[in-house]
Structure formats: structure tokens, C-alpha cells
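Since the structure comes first, as C-alpha cells, the remarks are kept for the end.
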Amino acid sequence: MPNVIALMLLATETGKEYNIVKEVKKLHGVSECRVVYGEYDVFIRMEAADIPLLDEIVTQVRRIPGVVRTTTLVASP
């Protein structure tokens, strides 16, 4: 069972959201990823054993071409 659950919201370059979702879904620790409408373009749910592992996932997401801005929300236990 994961010790850390986090939600991440992405703003992407126009038209890149579906390609970004495809890439994010390949990452270990991502339990859900969807295109959304509104201020943000992509929603991600992540699960990790600890904060350093969560940081690795977040860093991998931020490196995906087309990601413009991210907001990460770490869930309260």
C-alpha cells in the first residue's frame, strides 16, 4: 500500500494533452491520468512509497515535452 498519494494538474501546449497522457500512463506510480477541461489540461493520480519516490515521478512528468506548468497536491493521510 502506498504511503504517499498525490494529485498533479498539468497545463500543456495546445494539442499536446493526449500525447502527454499517453506518455504519463507509462510511468511507474501513476494510477490514473486523464485529459480534463478548464484551467488545466491533464489530471494525474500518483502513488509512491515515500516522498523521494514521488519526487522522481513528478520530475519525469515535468520532463515530458509539451508540459508547460504543473501543480502537485500531496494528499493528507
Sort out which residues of region 41-53 are within 17 Å of E23 (Cα to Cα) and either touching a helix residue (DSSP H, G or I) at 6+ places or on another chain (Cβ under 6 Å) or not charged (D, E, K, R) (or both), and write them in order of number. D41, V42, F43, I44, M46
Of I57, I51, which residue is free of Cβ contacts under 8 Å to residues at least 60 places away in the same chain and under 11 Å from M8 (Cα atoms)? I57
Unique residue being polar (S, T, N, Q) and touching a helix residue (DSSP H, G or I) at 6+ places or on another chain (Cβ under 7 Å) when the list is T70, T59, T14: T70
Counting only residues in region 22-48 that are within 9 Å of the chain's Cα centre (by Cα) and among the β-branched types (V, I, T), the one nearest to V68 (Cα to Cα) is identified as V42
A careful count of residues in region 8-61 that are surrounded by fewer than 20 Cβ atoms within 10 Å (Cβ to Cβ), over 15 Å from V74 (Cβ atoms), touching an Asp or Glu at 6+ places or on another chain (Cβ under 7 Å) and not small (G, A, S) gives 1
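Rule-based calculations on the coordinates, nothing more; no lab input. Remember, it's a predicted structure, so these values are computed and weren't measured experimentally. All Cβ positions, even for glycine, are placed from backbone atoms using ideal geometry, and neighbour counts span all protein chains on display.
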